[in-house]
């Protein structure tokens with residue numbers, strides 16, 4: 001802290017531990033609420049979930065992220081008791097709930113479809129769980145008011161409405177009020193935004209997060225959308241092919257991916273096949289030197305050893321462009337590392353930044369890179385309104401901190 | 001015309017020639033002719049003949065007499081016939097109720113089952129429809145006959161009782177109820193039942209508050225079918241009731257084939273038809289009322 005009482009924030013962080021700490025700063029790391037211990041699920045035809053182990057702490061929002069078919073929804077259904085695990089134990093606080101029915105577990109679930117009872121009013125929907133749990137009438141009314149207030153729906157205005165008379169966002173709020181009203185030990189959210197319009201999705205993320213924090217609710221969020229996980233998850237469990245691939249805060253997964261899959265799934269990257277310049281040599285900064293796309297590259301290593309022949313792939317984050325030079329790299333520049341020369345075929349802008357589509361030696365498809373709008377405009381002028389059919393040759397100076405080497409070639413091939 | 005100069009007006013660039021359009025329209029009506037004719041000859045004609053004969057006395061000797069309401073006034077004045085209408089209605093309602101009581105657990109089990117068990121259940125449900133009615137009813141006849149298996153097992157005399165007829169009718173027709181309920185049950189989204197479970201609802205609560213409202217349309221349409229079939233059934237009452245049951249179909253059978261009084265038979269037939277129409281109209285209204293209240297809302301909110 002300086003004399004004026006303000007804290008000067010540092011401008012850059014480097015270690016994986018620091019990245020991990022970003023997301024974990026939100027929720028107090030309290031007692032373990034939910035413990036999933038070696039839980040698996042096998043059907044006659046296939047294994048849906050290999051042994052999964054993780055904990056959820058008091059007040060935390062844990063995001064389970066993965067592509068479809070990765071087993072994330074299976075985990076949710078196992079925790080809720082809608083499926084019976086083939087192995088492992090599930091504990092909620094100090095209770096072993098593995099063998100309990102969904103009714104006995106007191107776990108709230110907000111379904112992807114919201115699963116409101118379409119033939120019941122909003123009032124009856126919220127009351128349903130309270131009546132099922134034999135909450136007395138006075139307390140029921142109190143809870144209805146309380147949780148409608150919490151989700152910012154006027155109890156008087158919406159009590160007699162039917163789900164079909166509500167917008168998607170309002171339906172989600174009712175589903176949340178209904179799940180929270182029974183005051184469950186933990187709340188499970190299954191793809192909470194996927195049935196919502198893309199436009200209101202952003203607002204609902206902000207809103208749902210505030211509502212969960214306000215209620216002090218411990219929650220598990222299942223999603224296939226990394227933005228959901230990045231926005232809402234204090235920690236992220238990344239799944240693939242029925243197993244947990246990596247657990248950590250989103251920034252930890254982004255900056256310290258342990259496998260090629262994590263590197264591919266989190267963030268946006270381009271990939272270049274490479275060979276090591278000197279497989280044995282370690283540099284002082286922990287980076288290694290590789291040859292790729294006709295240049296020299298200094299890259300960090302993912303938690304993987306460099307293979308005997310040093311063959312592998314380099315991951316380049318799409319926003320890793322430090323500088324753009326029109327033209328091929330000159331002789332002096334050629335000795336410098338992390339320069340990528342290619343031919344720009346297309347230029348566009350998302351509004352906040354420019355995108356250039358570049359054809360790069362040894363990469364199978366055209367790769368997008370993010371540049372500033374000014375840089376995009378300059379390149380667009382060189383393209384001269386399509387008068388240059390072979391594109392404009394451009395050299396990008398890439399930030400070595402955002403380059404990473406992976407040795408697992410077989411996985412790499414599919415996306416190059 | 002050069003292809004590039006054809007203006008796009010939201011229609012086909014090359015409209016079909018008029019004679020093609022005319023031919024298509026003609027074919028449409030031609031295709032409708034056959035079912036229309038079958039409907040007129042096979043359904044409307046006999047129906048109008050039945051109602052027509054009900055107003056015309058007929059004698060083997062003198063032929064048709066002049067139109068009269070005689071048969072209807074006879075039937076309306078007969079306490080026996082009024083009792084037969086009540087018997088027929090209550091027997092059919094009981095068959096509907098028992099079919100629903102069998103249909104719900106069976107339907108729910110079906111929905112919860114895997115493919116193999118589903119096939120087995122479907123075979124069990126459909127089998128009565130595949131066996132010849134006389135053979136099937138004869139099976140019940142033996143089962144309930146004096147000194148037969150049922151009587152020697154339970155010491156109860158069932159032959160000639162309304163209960164025996166009811167049991168045979170349920171066996172004969174409950175498949176229609178099951179199939180009708182299955183259509184409704186399969187429209188319940190899985191998430192909705194799962195949500196009810198996670199909210200702590202007991203099985204009974206889930207049935208009463210979710211499954212029952214959702215399956216009302218199927219229950220009612222299945223009920224109408226089973227009611228109509230039961231009210232019109234003749235084989236079971238004849239074979240198991242020994243021909244002495246006071247049911248409308250028995251009276252029709254006797255009027256037509258024993259007393260050779262077609263006018264009375266036709267009048268009784270018209271009465272049976274009216275009973276069915278009343279049931280259809282009442283349940284149609286009930287469904288419509290429930291639909292507008294709940295199920296239409298359900299349909300609309302399904303994405």
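What follows draws every value from the coordinates through simple rules; no lab data is involved. Given the structure is predicted, the values throughout are model-derived calculations rather than measurements. Note that we place each Cβ from the backbone using ideal geometry, even for glycine, and neighbour counts take in every protein chain shown.
Summary of the geometry: region B:218-242 and region B:105-138, compared by the centres of their Cα atoms, lie 18 Å apart.
Tell me, rounded to the nearest percent, the portion of alpha carbon pairs in the protein assembly as shown spaced more than 35 Å apart. Spell out each step's value before the answer.
Values: 168306 of 258121 pairs.
Result: 65 percent of Cα pairs exceed 35 Å.
Here the Debye sum runs over all C-alpha atoms of region B:119-166 as equal scatterers in vacuum, and log10 of I(q)/I(0) at q = 0.17, 0.32 Å⁻¹ comes out as -0.59, -1.06.
Rounded to 0.05, the FRET efficiency of the residue A:18 and residue A:55 pair, given R0 = 25 Å and the Cβ-Cβ distance, is 0.65. Put simply, region A:120-209 fits an ellipsoid with semi-axes of 22, 15, 11 Å; these come from the alpha carbon gyration tensor as the roots of five times its eigenvalues, largest first.
May I ask you to derive the FRET efficiency for residue B:90 and residue B:118 from their Cβ-Cβ distance with R0 = 25 Å, giving the value to the nearest 0.05? Mind showing how you got there, number by number?
Values: r = 34 Å, r/R0 = 1.38.
Efficiency, rounded to the nearest 0.05: 0.15.
Once the C-beta distance of residue A:164 and residue B:69 is scaled by a Förster radius of 45 Å, the resulting FRET efficiency is 0.30 to the nearest 0.05.
In this label model, residue B:44 and residue A:326 are separated by 8.2 nm, measuring between points 7 Å along each Cα→Cβ vector.
Between helix A:137-150 and chain A there is an angle of about 20 degrees, using the helix long axis and the longest principal axis of the Cα atoms.
Peptide B:200-210 is shielded by partner chain Cβ atoms: per residue, an average of 4 of them sit within 10 Å of its Cβ. Inter-chain neighbour count for B:179-192: the average number of beta-carbon atoms from partner chains within 10 Å of each residue's beta-carbon is 2. Report the normalised scattering of region A:190-236 as log10 I(q)/I(0) at q = 0.19, 0.33 Å⁻¹, calculated by the Debye formula with identical scatterers on the alpha carbons. Each listed q corresponds, in turn, to -0.56, -1.46. Each 10 Å bin from zero up to the one holding the largest Cα-Cα distance in region B:24-151 carries the following percent of pairs: 9, 15, 23, 26, 20, 6, 1. With all pairs of different C-alpha atoms in the average, the Kirkwood value for the hydrodynamic radius of region A:100-158 is 12.6 Å. Would you mind getting the Kirkwood hydrodynamic radius of region A:158-296 from its Cα pairs, rounded to one decimal in Å? By the Kirkwood definition, the hydrodynamic radius is 18.3 Å. Under 20 Å from a label point set 7 Å out along the Cα-to-Cβ vector of residue A:32, the amide N atoms of region A:206-235 belong to A:218-221, A:234-235.
If one takes the longest principal axis of the Cα atoms in chain A, at what angle in degrees, from 0 to 90 and to the nearest 10, does the Cα axis of helix A:122-132 lie? The angle comes out near 70 degrees.
The shape of region B:144-283 comes out oblate: with a ≥ b ≥ c from the C-alpha gyration tensor, a/c is at least 1.5 while a/b does not beat b/c. Residue by residue along A:112-123, Cβ atoms of other protein chains within 10 Å of the local Cβ number 6 on average. Entry for chain B at q = 0.10, 0.14 Å⁻¹: log10 I(q)/I(0) = -0.79, -1.16, Debye formula applied to identical alpha-carbon scatterers, no solvent contribution. Subtracting the Cα-Cα distance of residue A:197 and residue A:154 from 0.36 nm times their residue separation leaves 13.2 nm of extension gain.
Taking B:22, B:31, B:77 in turn, the Gaussian network model of chain B (Cα-Cα springs below 10 Å) assigns the largest fluctuation to B:22.
Given N residues in chain A, what is its alpha carbon radius of gyration divided by 2.2 N^0.38 Å? Provide the component values of the computation, followed by the final result.
Values: Rg = 25.4 Å, N = 416, 2.2 N^0.38 = 21.8 Å.
Chain A yields a ratio of 1.17.
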